[in-house]
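One structure is given here, and the rest of the page talks about it.
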Amino acid sequence: MATISAAAQSRIAGGVQPQVAPEEADRIEGEEDHGLSRFFFAACAALILSAIQGVVQRIPAISEWLLAGDHGGHMVTNLAHTHVTIVGAGTITLTALIYYALPKVTKVPLYSKALTNLSFWATLIGVMGFYLAMLAIGTYEAAMVHAGWPYEEARNWMGAWHKAPMAITAAIMGIGYWTFVTNVYMTVGRGAGLRKVAPERAASDGEFLLAKFFAVGATGLLFGTVQGVYQVLPWSLDWLHATGEAGHLIDPMAHAHVNLVGGVSVALMGLLYFFLPRMTGRPIFSMKLARFSFWCICIGVFAFYFSAVGLGWIEGNMMLDQGITDVEAREAVGLWHPLLLAASASTMGVGFWSFIANILLTVRKRPAEDAPPDRKLALLIGFSTVALLVGTVQGVIQILDPVEEWLVEARGSGYLITPLAHAQLNMVGFVMVSLLSMAVFLLPRILGRTVSDPVAGRRALTVLAVGISATYLVFLGVGLVESLAIHAGADPQEARTLIGGPWGRYVLFVGAQALVGLGYILLFRHVSRVIGWETVRAYFRTFGGRMREAGHQAVRVHPRALPASWAEAQRKAITTSIVESAGGWMGFMGLGWFMSGRPFIGIMALGSWGGCFWTFAYVVIASGGMGLLTALLVPYFILGALSGIGCYRSYLQDARLHLARQVQA
């Protein structure tokens with residue numbers, strides 16, 4: 001297998017770059033890298049769904065049907081499709097790349113292989129469940145609208161069945177994210193500790209800067225997932241729906257922002273700083289600029305997030321309490337509304353543009369002569385960075401008041417420009433192309449295969465880049481032509497026939513989306529061939545064993561919570577068991593695990609059980625019948641009791657082993 005030469009490593013290490021010994025550069029980490037290729041396979045499988053839906057929903061008859069289906073159609077075309085692409089493919093790829101890079105920039109092993117397995121399966125199951133729930137519910141409610149129901153009545157008639165499936169699958173997905181965040185935090189924490197006690201063996205300042213990118217990215221995902229789980233709970237959904245544009249500041253603006261920018265984009269910046277020198281054999285142009293971009297983006301991202309959430313909450317409550325419109329609420333807040341958003345967005349923009357300059361100046365240099373054979377993948381990183389540059393420039397232009405008002409007045413045609421064209425550049429052009437390029441680069445290395453120029457992979461990514469460019473130009477061009485016509489006096493229906501008649505615009509949409517879909521399919525083919533179907537089957541055959549391994553590690557008692565005597569062990573086991581069962585019955589399962597020194601499983605149980613409990617309670621109340629209550633109360637109390645028994649038995653098991661070791665010593 002190809003390795004990076006000592007000279008190349010020396011160049012990469014220049015200017016406090018990540019330092020990797022020559023013999024370690026492409027070394028397979030064995031158990032540390034165990035199973036990462038399944039993340040890439042699952043991500044590419046999600047892209048197949050994205051490819052199919054992306055084309056089907058642009059077919060004229062289907063597109064018109066979904067457009068006339070009110071918010072139900074929006075759930076299908078935007079929410080479900082974006083979710084399976086960015087979360088189902090993008091975030092799963094991101095976590096695998098971080099799991100690979102994190103031990104190398106912290107100089108400590110990944111905190112837990114078991115949590116890696118748990119995060120993969122919980123995220124995958126939650127993502128696909130959430131996607132299918134939105135797809136099914138959105139289609140059904142759109143059909144009700146076509147049958148003559150106003151959307152509000154259709155949604156109210158669905159009741160709990162609109163909310164419960166998304167709340168439950170969001171809780172499962174949250175477990176995957178929170179497990180990932182725990183793994184990142186604990187690994188970075190250990191790396192920081194090593195820097196204090198053994199600086200000669202620890203990561204350098206430049207290496208640990210990348211660990212900070214990953215920690216901040218994990219924090220963004222944590223905020224986003226906690227908010228995501230909460231806001232799909234019934235009462236939160238009702239509040240957001242009732243507050244209109246004020247609620248939109250919280251979801252989708254703040255929610256999408258903290259997930260995609262605070263989570264994905266910040267972590268992605270760290271990954272590009274890590275992988276790009278390894279692709280080109282040359283150091284990043286400037287680590288000082290990297291530090292500058294880090295602090296600007298961190299301050300800007302979280303300032304924007306809290307500003308949007310705070311303004312949305314204040315203005316939404318004003319609407320409900322005073323019976324005013326969202327426009328009146330915004331005017332009542334006054335200058336603070338634009339000032340907070342503009343100041344934080346400007347800081348964030350400076351961070352992005354300094355990062356973009358750093359990456360483009362790095363890509364601009366020729367790769368070293370002894371760079372690895374797959375060095376040409378750096379060109380696709382360059383494409384993704386240019387896409388981000390154009391997207392951020394457009395983002396600044398389209399939030400200017402005159403431009404924003406012009407686009408809003410153009411109604412559906414303005415929507416083609418923002419968010420559709422804009423999202424193609426930021427979410428697909430930057431996020432997906434850069435993530436997938438790094439995945440293609442990493443895949444042979446974690447599988448122990450010979451590193452060569454991945455021609456098929458580059459071809460797939462090139463087709464994807466062409467498709468993204470075409471889709472952006474189509475959305476932007478059609479949106480501008482139709483918006484100009486609407487402002488000139490045409491109605492929306494007439495505007496949609498200006499380009500090629502009634503179906504001309506759809507031919508362009510389908511053609512552009514077909515190119516994107518073809519890129520996804522070719523990439524899935526390449527990844528599947530590199531991994532090999534036997535390896536894929538082996539990963540899924542061992543699912544049960546991996547989950548058992550994760551479970552065993554999660555119930556292990558922390559050393560500080562172990563007893564000094566057997567009598568103390570029995571007292572603590574009984575107490576925590578009672579607390580766990582009673583807490584579970586009141587909707588707060590996990591308290592006993594916390595008390596007995598198992599904080600991880602306590603957090604997981606508290607988050608998932610809390611969401612499921614309150615969703616269960618809402619379903620019962622919304623159903624209005626005691627039959628459902630009677631049927632669900634029995635398993636509900638049984639689960640709480642079983643959790644208490646598990647807490648009791650597992651604590652005594654660890655205590656017995658601990659006391660036996662003390663006797664032997």
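The values are calculated or read from the model by the stated rules, or taken from the named source; none is laboratory data. Keep in mind that what you see is a predicted model, and the values were worked out from it rather than measured. Glycine gets a Cβ as well: all are built from the backbone with ideal geometry, and neighbour counts include every protein chain shown. Surface accessibility is based on the protein's heavy atoms, side chains included, excluding ligands, DNA and RNA. Shrake-Rupley method; radii C 1.70, N 1.55, O 1.52, S 1.80 Å.
A few points about this structure:
- Residue separation of Y185 and V481 scaled by 0.36 nm, minus their Cα-Cα distance, works out to 101.7 nm of gained length.
- Given charges at Cβ of Lys, Arg, Asp, Glu: the chain dipole, positive-most of V55, V216, L340: V216
- Hz values of 3J(HN,Hα) by residue in region 52-65 - Karplus curve (6.51, -1.76, 1.60), Gly and Pro given as x: 5, 5, x, 7, 4, 6, 9, 5, x, 4, 5, 4, 5, 5
- 3J(HN,Hα) from dihedral phi, region 263-279, Karplus parametrisation 6.51/-1.76/1.60, rounded to Hz, x for glycine, proline: x, 5, 5, 5, 4, 5, 4, x, 5, 5, 5, 7, 7, 4, x, 6, 6
- Whole-number percent relative contact order across the chain, with pairs defined as alpha carbons under 8 Å at least 6 apart: 16
- Anisotropy class of the chain from Cα gyration tensor, a/c 1.5 cut: oblate
- Cα convex hull of region 42-114 - mean projected area over all directions, nm²: 6.2
- Per-residue 3J(HN,Hα) values for region 640-652, derived from phi via the Karplus relation 6.51 cos²θ - 1.76 cosθ + 1.60 with θ = phi - 60°, read x, 5, 5, 5, x, 5, x, 4, 5, 5, 5, 5, 5 Hz in sequence order (x marks Gly and Pro).
- Sequence-distant residues sharing a close amide H with R282 (under 5 Å, placed H): A368
- Structure-based [θ]222 nm, the chain - -39500 (n - 2.57) summed over DSSP H runs of at least 4, per residue, nearest 500: -25000 deg cm²/dmol
- On the chain, 68 percent of the accessible area sits on carbon and sulfur atoms, based on a 1.4 Å probe.
- In this structure the amide hydrogen of A490, modeled in the peptide plane, comes within under 5 Å of no amide hydrogen from residues 5 or more places off or on another chain.
- Surface listing: T77, T450 arranged by accessible area from highest to lowest gives T450, T77, probe 1.4 Å.
- Where labels lie 7 Å past Cα in the beta-carbon direction, separation of E152 and S528 in nm: 4.8
- Sorted on the mean count of surrounding Cβ atoms within 10 Å across their residues, most packed first, peptides 431-437, 523-529, 81-87 read 431-437, 81-87, 523-529.
- Extended-chain gain in nm, criterion 0.36 nm per residue less alpha-carbon gap, S204 and L335: 42.7 nm
- Å² per residue, accessible surface of region 211-369 at 1.4 Å: 40
- Per residue convex hull volume, Cα atoms of region 313-466, in Å³: 154
- Quarter the surface of the alpha carbon convex hull of region 265-312 and you get the mean projected area, 3.5 square nanometres.
- Based on the Kirkwood approach, the hydrodynamic radius assigned to region 223-337 is 16.0 Å, with every pair of different Cα atoms included.
- Averaged over residues, the count of other Cβ atoms within 10 Å places the peptides 119-132, 198-211 in the sequence 119-132, 198-211, highest first.
- Solvent-accessible area of R278 with every protein chain in place, 1.4 Å probe, in Å² to the nearest 10: 20
- Restraint check, K104/K572; K104/K376; K113/K196, Cα-Cα greater than 30 Å: K104/K572
- Highest mean packing comes first when the peptides 576-587, 501-512, 176-187, 259-270 are listed by Cβ atoms within 10 Å, giving 259-270, 176-187, 576-587, 501-512.
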